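Have a look at the structure below before the remarks.
The values are calculated or read from the model by the stated rules, or taken from the named source; none is laboratory data. In this text, all values refer to a predicted model and were calculated from it rather than measured experimentally. Using ideal geometry, Cβ is built from the backbone for each residue, glycine included, and neighbour counts are taken over all protein chains shown.
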Amino acid sequence: MTNLSRRSLLLAGLGVTGAGLLSACSVSQPTGTATTFGTPGPVPTTPGQRVTTASLVAQRTTLDLGGPQVATWAYGDTAPGPIIRATAGDLIRVTLNNQLPADTSIHWHGIALANAADGVPGMTQDPIRPGTSYAYEFVAPDPGTYFYHPHVGVQLDRGLYAPLIVEDPNEPGDYDHEYVVVLDDWVDGTGRTPDEVLEQLIAGGGTAGPGGMGGMDHGSMGMGSGTAPFGDAGDVIYPHYLINGRVPAAPDVFEAKPGQRVRLRIINAGSDTIFTVALGGHRMTVTHSDGFPVQPTETGAFYIGMGERYDVVVTLQDGVFPLVAAPFGKEGQAMALIRTGAGSVPAAAVRPAELTGPVLLGAELMPAESARLASKKPDAVVAFQLNGQMAPYQWGINGAKFGQNDPIMINQGQRVRLNLANMTMMTHPVHIHGHTFGLINSGLRKDTVLLRPMETMAVELQADNPGDWAAHCHNIYHAEAGMMIAMNYRV
Ligand SMILES: [Cu+2]
């Protein structure tokens, strides 16, 4: 298969609208470029290997966000969808039944899985057509906090996301409770769909707010941060920000006892929003970044970009406490509550003081020794330049949008250095599939890292997972507009 055919197929699979998708995909491919990936064969288990299974239905549904009722697409009848919980080394078998009016897929975000299960139509599989089912089978090699979502169009900005938790069989589990905390920015079913938001962004050069407010958010200072390190951090003004699918007026409530230690697995499933996270009245100890352990680092608040995950451990006080995720540079917030005793419920708009204190940026963390990417002389050095601007709404990598840029070609066994360079005035979360790269200055392992305006950052990966992989901005509107590139192993 040539690179050209890969590109044209991938573009067909990433059509902008549902209707466009269907029509694009129903057109037969010109002779010589048509290809299908077919149905992947079953992955055999190894002796003693556990098998974790799940069955999902992607469907249209109406969700109650805790007041607002929204028509959307979800895995079943909830957003977040069903948690998949496995143990490192398990074979995970998930069947997806697509009852959506559009093609879809599932990408297992952050997992260093076999390429065939990565969920990128046109690159690793055929799109899953409406009314059909698809079986994903893969081994999850590394423990950690992950999530899953479609890799088609802007479907992530609907209700199609859910946690994937890979337990560590060797971890002491030094906590009393574990809470999974999924952050999201919500627009679907509030008057426009994510596809319409994208159309408006393209038509208006970034005008995407309701009531003609579009563009006004750009360049505003981030609320709750002493400084504004991200500059222009988002394109879309959202009517709601959610924790575990709930608005702050009807929050999710976690129950515990005073003095107990809880682990929070925090996932940013938002499409266009960097959050600042704080738990009122508490310091948090960050223990993991993108699934991998870090040197425990105490903070009152931290940033989390789209696609990032952080695990923190907290020893709880006595009372009722707001767990707040404040959208950077935008109005409103997401909130959940942790209740260990009596106390009045904080107002939906409460701003914990911790939000204004020093806020930790994930790239500053130091890796745990067990997770550090050891330094090594790179065999290949690759440019990875983020390009684009709001008006016109055009985003790309290495000088062109996806489909027009040249794939990054690497060899199996190489240590590959990627010189990430953000040549734009926005912050972008850079996500690379199938690998957890290391920041060369610290060895910190990440699969998604925030790159601030004009920032450069060298990262390295060990090319130990052959296949054709996507690398892209995890602002889903940027990715869909072209801020994506293929990273292919030479065969
Ligand atoms: Cu971006």
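Couple of notes before you dig in:
- Subset of the stretch 307-335 (residues that are of a type in the set (Gly, Ala, Ser) and closer than 30 Å to Ile111 by Cβ): Gly307, Ala325, Ala326, Ala334
- Subset tally (residues that are surrounded by fewer than 24 Cβ atoms within 10 Å (Cβ to Cβ), charged (D, E, K, R) and closer than 22 Å to Phe402 by Cβ) for the stretch 95-152: 1
- Subset of the stretch 392-417 [away from the ligand (no atom under 16 Å from the Cβ) and either under 25 Å from the mean Cα position of the chain (by Cα) or without any contact (Cβ under 8 Å) to a residue 60 or more places away in the chain (or both)]: Gly403, Gln404, Asp406, Pro407, Ile408, Met409, Ile410, Gly413, Gln414, Arg415, Val416, Arg417
- Residue in the stretch 161-176 that is closer than 30 Å to Thr39 by Cα and either assigned to a loop (DSSP other than H, G, I, E, B) or modelled with pLDDT under 95 (or both) present: yes
- All of (1) surrounded by 15 or more Cβ atoms within 10 Å (Cβ to Cβ); (2) away from the ligand (no atom under 16 Å from the Cβ) hold for Ala383 with one exception: (1).
- In the stretch 191-221, the qualifying residues are those that are part of a loop (DSSP other than H, G, I, E, B) and more than 15 Å from Glu331 (Cβ to Cβ), and the one that is modelled with the lowest pLDDT is Thr207.
The rows are residues; the columns are (1) over 14 Å from Tyr136 (Cα atoms); (2) assigned to a loop (DSSP other than H, G, I, E, B); (3) at pLDDT 95 or above; (4) of a type in the set (A, V, I, L, M).
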site: Gly41; (1), (2), (3), (4): no, yes, no, no
site: Gln59; (1), (2), (3), (4): yes, no, yes, no
site: Val70; (1), (2), (3), (4): yes, no, yes, yes
site: Pro80; (1), (2), (3), (4): yes, yes, yes, no
site: Ile92; (1), (2), (3), (4): no, no, yes, yes
site: Leu100; (1), (2), (3), (4): yes, yes, yes, yes
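- Of the residues making up the stretch 433-453, those that are modelled with pLDDT of 95 or more, out of contact with any Ser or Thr (no Cβ under 8 Å at 6 or more places or on another chain) and not aromatic (Phe, Trp, Tyr) are His433, Gly434, His435, Thr436, Gly438, Leu439, Ser442, Thr448, Val449.
- Of the strands (runs of 3 or more DSSP E) that lie entirely inside the stretch 420-489, those containing 3 or more residues that are away from the ligand (no atom under 16 Å from the Cβ) span 437-439, 456-462, 484-489.
- Unmet criterion (only one of (1) buried (at least 24 other Cβ atoms within 10 Å of the Cβ); (2) within 19 Å of Asp185 (Cα to Cα)) for Pro239: (1)
- Options Phe321, Phe328: the member that is in contact with a Gly (Cβ under 8 Å, 6 or more places away or on another chain) and within 16 Å of the ligand (Cβ to nearest atom): Phe328
- Filter result for Gly332 (surrounded by fewer than 23 Cβ atoms within 10 Å (Cβ to Cβ) and on the phi > 0 side of the Ramachandran plot): yes
- For Gln389, the stated conditions hold: it is surrounded by 14 or more Cβ atoms within 10 Å (Cβ to Cβ) and within 13 Å of the ligand (Cβ to nearest atom).
- Verdict on Val294 being in contact with a Ser or Thr (Cβ under 6 Å, 6 or more places away or on another chain) and within 21 Å of Thr448 (Cα to Cα): no
- Of the strands (runs of 3 or more DSSP E) lying entirely inside the stretch 253-319, those containing at least 3 residues that are touching a helix residue (DSSP H, G or I) at 6+ places or on another chain (Cβ under 9 Å) are 275-279, 284-289, 292-299, 301-304.
- Criterion (assigned to a loop (DSSP other than H, G, I, E, B), under 22 Å from the mean Cα position of the chain (by Cα) and among the charged types (D, E, K, R)) met by exactly one of Asp184, Asp188: Asp188
- Residue identified as basic (Lys, Arg) and surrounded by fewer than 20 Cβ atoms within 10 Å (Cβ to Cβ) among Arg490, Arg445: Arg490
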